[in-house]
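Only one structure is covered here, and it is reproduced in the block below.
The values are calculated or read from the model by the stated rules, or taken from the named source; none is laboratory data. As the structure is a computational prediction, the values presented were derived from the model and not from experiment. Neighbour counts run over all protein chains shown; Cβ positions are idealised from the backbone, glycine included.
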Amino acid sequence: MSQIPPDSAPSTTPDFQAEPTVGAPKPPSGGVPLWATLVIGIVCLGVGLSVSLMVASHKSETTARYAPPQASSVEVKKPEPTEIERAAQGDPRAVDALQKIEPASLTIEQALALSQGRAAEKKLALNHLRSTIEKQGGTPDTDTTKRLVQFAKDVDTAREVIGLCATLPGPIGPDLLYEFANDKKTPTELAKLAEQLLLNKTVRPKASPALALALDLREATTCEARQTLLDKATEIGDRRMLNTTIGLTKKSGCGDSKRDDCNPCLREGNSKLLRTVLGKIPNRKPPTY
């Protein structure tokens, strides 16, 4: 009886198939792999969180930008000004205290503060004078005008006074400006300012007939125009046009060689006109203040 080889003998052990683990997900058949679905979900979640954070940050920034500033609960108290600072601001007591110190004993800071304080006091006095002029209807009386001229001679207040004169109604403003502009004691820059304001289109029309005539003669560019103005000068001209009129007696200064007569129409038959004007206007004094 032939024996069956061991390898070919029928197995007596039952053929069990491995059971799937309970709860384990089954891979989808023929669809998107499960890992890909998870990755996409995580990415979407991350994008959503990023957008939410950006929106929240923008709202917070906008709110902070436009929110009204909150008052500080602690107010920083400014230190009290020193005596030098009070003197520089024009405090009368502080200025007086520095004035009592001998000049040689003043420090540089004290001397500067004292000068600034004096200037501040003068400006306060000028403001008071301005109020007085307003109470007088805008036209200062004789005493007020004298005080105004005094302030005009002070370097600390001269510029403000010149500006104030330009606003005065009537001929007094132009009269004062002409006086400041032609006074040799007036500093150059202030004289220029007075002249500019005198020629201003809102100031010059207020000039008196005599001053307007002097200004017109000074600016005339032809002999005929000068002759017409000189005819008027015999009646209303005053001393303010004297220098210009004297200059018209000169018989040279024009032409290529500067030897020609600039005013030939004032010679011969009209030569008497110049003599008449020069005989009358020196005796007519302009207003004095």
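The residues of region 180-213 that are of a type in the set (D, E) and in contact with a helix residue (DSSP H, G or I) (Cβ under 8 Å, 6 or more places away or on another chain), listed by number, are D183, E195.
Among the residues of this structure, R204 counts as one that is on the phi < 0 side of the Ramachandran plot and either at pLDDT 95 or above or in contact with a Pro (Cβ under 6 Å, 6 or more places away or on another chain) (or both). Going by what's in this entry, would T288 be described as outside any helix (DSSP H, G or I) and either assigned by TED's automatic domain parsing to the domain that holds Y178 or without any contact (Cβ under 8 Å) to a residue 60 or more places away in the chain (or both)? Criteria met by T288. In this entry, A194 passes the filter for residues that are closer than 22 Å to L168 by Cβ, among the aliphatic types (A, V, I, L, M), surrounded by 11 or more Cβ atoms within 10 Å (Cβ to Cβ) and under 42 Å from the mean Cα position of the chain (by Cα).
Annotation note: of A104, A125, the sole residue that is at pLDDT 90 or above, part of a helix (DSSP H, G or I) and surrounded by fewer than 10 Cβ atoms within 10 Å (Cβ to Cβ) is A104.
Residue selection: A94 satisfies the criterion of being in a helix (DSSP H, G or I) and surrounded by 13 or more Cβ atoms within 10 Å (Cβ to Cβ). Look at (1) polar (S, T, N, Q); (2) part of a helix (DSSP H, G or I); (3) at pLDDT below 95 and you find that T221 fails only one, number (2). Checking K184, K146 one by one, the residue that is closer than 26 Å to S115 by Cα, of a type in the set (K, R) and not in a helix (DSSP H, G or I) is K184 and no other.
Each row is one residue, and each column tells you yes or no for (1) buried (at least 16 other Cβ atoms within 10 Å of the Cβ); (2) in a loop (DSSP other than H, G, I, E, B).
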| position | (1), (2) |
| --- | --- |
| E121 | no, no |
| T139 | no, yes |
| R159 | no, no |
| A166 | yes, no |
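Scanning region 211-246 for residues that are crowded, with 22+ Cβ neighbours inside 10 Å, hydrophobic (A, V, I, L, M, F, W, C) and under 39 Å from the mean Cα position of the chain (by Cα) gives L211, L213, A214, L217, M241. Would you call K192 outside the structural domain of G117 (by TED's automatic domain parsing), more than 20 Å from L126 (Cα to Cα) and in a loop (DSSP other than H, G, I, E, B)? In short, no.
Just a yes or no: is a residue in region 100-109 in contact (Cβ under 8 Å) with a residue 24 or more places away in the chain, of a type outside the set (A, V, I, L, M, F, W, C) and in contact with an Asp or Glu (Cβ under 9 Å, 6 or more places away or on another chain)? Checked region 100-109: no residue is in contact (Cβ under 8 Å) with a residue 24 or more places away in the chain, of a type outside the set (A, V, I, L, M, F, W, C) and in contact with an Asp or Glu (Cβ under 9 Å, 6 or more places away or on another chain).
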